Amino acid sequence: MPSRVPPRPSPRILQSLAGALRLAPAERTHLFRLAGVAPEPPAGPPREVQPYVAGLLHRIPGTAVVVTAAGYDVIAWNPLAEALLGDLRSRPNLARRRFLDRDEVLTTGHEDFGEIAVARLRAAADRYPRDRALAVLLAELRTGSAEFDEIWATNPVRAPGHRTKTMTHPELGRLHINCDILTVPDDDQQVVFMTADPDTPTARALHHLATHVA
């Protein structure tokens, strides 16, 4: 007598179970694989910041810190970051700033960031094909920026890392900023630390800015 194949839970049941257990994306995928069911793509990139990540925003004095979701929305920041980068509430998306706001391109190192941003956004499009906000962003960038569309066509493979850039602050003038990235794989997010070399005019400018936003 042939053995009976045990019934497999539906993707909807597994999705509900993963939500009830508050599983991280990697744990969710593992649950689906254990059940022998192909995992459905997530509805969209996580936009909630875990408490342990949020704590990093205030633990390093004199450092501007932002957290970005997979679509380059800034979803958390400290006061120094907003004082450095400008209004992050009404202009939270760094890709829009880079490709559609031309004054943002007047910083050095923007070519590297352009390829890094496109590589990350292409990966996000593959991971979150059902995310409407991401689809709207990509359509806006591809139609609004010939540069973005050209880089997109090359399918760049770039990873974030240490970068330096020179930016012009409306009050402090030219600043030489170091950017370092900490990835949060479980939530597909990045923590960006912006610092200055010690004992430099930029370090003194950031200290001045920090004392006025504390």
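Among the candidates 191, 136, 184, single out the residue that is at pLDDT 95 or above, among the β-branched types (Val, Ile, Thr) and under 14 Å from the mean Cα position of the chain (by Cα).
Going through 191, 136, 184 in turn, the sole match is 191.
Assigned to a loop (DSSP other than H, G, I, E, B), open to solvent by 30 Å² or more (accessible area, probe 1.4 Å) and free of Cβ contacts under 8 Å to residues at least 24 places away in the same chain: which single residue out of 126, 87 fits that description?
Residue meeting the stated conditions: 87.
Residue by residue through the range 24-51, note down the ones that are within 12 Å of residue 189 (Cβ to Cβ), in a helix (DSSP H, G or I) and at pLDDT 80 or above.
none
Tell me the residue from 136, 118, 184 that is of a type in the set (A, V, I, L, M) and surrounded by fewer than 12 Cβ atoms within 10 Å (Cβ to Cβ), please.
One residue alone meets the criteria, 136.
Could you list all residues from the range 52-77 that are in a strand (DSSP E or B) and either under 25 Å from residue 135 (Cα atoms) or open to solvent by 40 Å² or more (accessible area, probe 1.4 Å) (or both)?
Hits for the range 52-77 are 66, 67, 68, 73, 74, 75, 76, 77.
Please pick out the residue among 163, 174 that is open to solvent by 30 Å² or more (accessible area, probe 1.4 Å), at negative phi and within 18 Å of the chain's Cα centre (by Cα).
Only one candidate qualifies: 163.
Can you tell me which residues in the range 139-167 are farther than 26 Å from residue 84 by Cα, of a type in the set (A, V, I, L, M) and part of a helix (DSSP H, G or I)?
Listed by number, the residues that qualify are 139, 146, 151, 153.
Identify all residues within the range 29-39 that are in contact (Cβ under 8 Å) with a residue 12 or more places away in the chain and closer than 23 Å to residue 50 by Cα; write none if there are none.
The one that is in contact (Cβ under 8 Å) with a residue 12 or more places away in the chain and closer than 23 Å to residue 50 by Cα: 31.
The values are calculated or read from the model by the stated rules, or taken from the named source; none is laboratory data. Every value quoted in this text rests on a predicted model; they were computed, and no experiment measured them. FYI the Cβ positions are ideal-geometry reconstructions off the backbone, even for glycines, and counts take in every protein chain you see. To get the accessible areas, we keep the full protein, side chains included, count just its heavy atoms, and leave off ligands, DNA and RNA. Shrake-Rupley method; radii C 1.70, N 1.55, O 1.52, S 1.80 Å.
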